[in-house]
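K.L.:
Have a look at this one before I ask anything.
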Ligand code: KMH
Ligand code: ZN
């Protein structure tokens, strides 16, 4: 089995300091949380950014500042900016981080519209997906294909046939968003069996489902994402003090199952990133 690639989703766009005071907002807090996750074994940092008051933004300059801060502390880590941003943002707002310099190696590509709890709708029409994918293709950015339900995998296949999404594909299977596919073993097996054989995938699961679902992914040869974006608790009723703690727990699970953890260089090879030199030449 390949080594395990661990992604840390360190802040997201929705969680707040009221829910867990360790959620990072400022540039420095984002740098610190990224460093703690990296030291614990994360090879990829999934980045959303906030203004100092916690408001989510896709502002390119804010991304630049946060990424500089992360590279200062974790020079070889893989940075995976969000193009999802927060519910309600426009296409133009969301796409800003793909125009960063250096160009990101990889960025999220959300593959369908999904209810996001309450009155929230996370909109990703087919036209939007094509626009995001084509712009990422031109820039040489690998899309991390965010899947919130089975139909989104079918959308990816349709766009792959048209040459808009290229092989080998890397998927993020997200379970437990209220409105998306539920976090169950059957659903995990169903989605994984639907993927092309040569693709790679990681599992993300919301709240208390995080560790049970990533444990199953680790056993199946998939990869894992943890972090405050998805889950604020180390265990029932115990808030995590950092993203590092959540990554440490994932590493312990992997080691207990005999699965080694990939460093960023190994992770880049495993998920098929070809542009390491571009990012790290400076
Ligand atoms: N915050 C969600 C609405 C992504 O990063 O691309 C979208 C999200 C997915 O987190
Ligand atoms: Zn995200």
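Bear in mind these aren't lab numbers, they're just calculated from the coordinates by the rules spelled out. Note that the coordinates shown come from a computational prediction; the quantities given were computed from them, not determined experimentally. Here the Cβ positions follow ideal geometry from the backbone for every residue, glycine too, while neighbour counts run over all protein chains shown.
K.L.:
Mind checking the full-extension length gain between residue 61 and residue 138? Use 0.36 nm per residue of separation minus the Cα-Cα distance, one decimal, nm.
P.N.:
Additional length available on full extension: 25.6 nm.
K.L.:
I'd like to know how region 90-131 sits against the 2.2 N^0.38 Å rule of thumb: what's its Cα Rg over that expected value?
P.N.:
Normalised by 2.2 N^0.38 Å, the Cα Rg of region 90-131 equals 1.33.
K.L.:
Compute and list, largest first, the equivalent-ellipsoid semi-axes of region 154-282 from the alpha carbon gyration tensor, each √(5λ) rounded to a whole angstrom.
P.N.:
25, 21, 14
K.L.:
Now a separate question. Cβ neighbours within 10 Å, averaged per peptide: list 148-158, 24-34 in order, most packed at the top.
P.N.:
Going from most to least packed, we get 24-34, 148-158.
K.L.:
How big is the Rg/Rh ratio for region 36-185, C-alpha atoms only, Rh by Kirkwood, two decimals?
P.N.:
Answer for region 36-185: 0.95.
K.L.:
Right, next: Spin-label point model (7 Å from Cα, Cβ direction): what's the residue 256 to residue 93 distance in nm?
P.N.:
4.1 nm
K.L.:
Just to be sure I follow: if Rg is taken over the C-alpha atoms of region 148-230 and Rh is the Kirkwood radius over the same atoms, what is Rg/Rh?
P.N.:
0.97
K.L.:
Only bridges whose two residues both fall in the chain count here: according to DSSP, what percent of them are antiparallel, nearest 5?
P.N.:
The antiparallel proportion sits near 15 percent.
K.L.:
Same structure again: Taking region 106-188 as the region of interest, what is the percent of Cα-Cα pairs per 10 angstrom bin, listed from the shortest bin to the one with the maximum distance?
P.N.:
18, 51, 26, 4
K.L.:
Sorted from fewest to most neighbouring beta carbons within 10 Å, what does the list 62, 73 look like?
P.N.:
Final ranking by Cβ density, sparse to dense: 73, 62.
K.L.:
Another question, then. Between residue 186 and residue 157, what is the FRET efficiency for a Förster distance of 25 Å, r being their Cβ-Cβ separation, to the nearest 0.05?
P.N.:
Result of the calculation: an efficiency of 0.75.
K.L.:
What ranking, highest mean first, results for peptides 103-111, 176-184, 115-123 when packing means the other Cβ atoms within 10 Å averaged over each residue?
P.N.:
Top of the packing list down: 103-111, 176-184, 115-123.
K.L.:
For the chain, max minus min Cα coordinate along each principal axis, in Å, sorted largest first?
P.N.:
Rounded to whole Å, the extents work out to 45, 43, 41 Å.
K.L.:
Need the full-extension length gain, residue 121 to residue 150, defined as separation in residues times 0.36 nm minus the C-alpha distance. One decimal, nm.
P.N.:
In short, 8.7 nm is gained.
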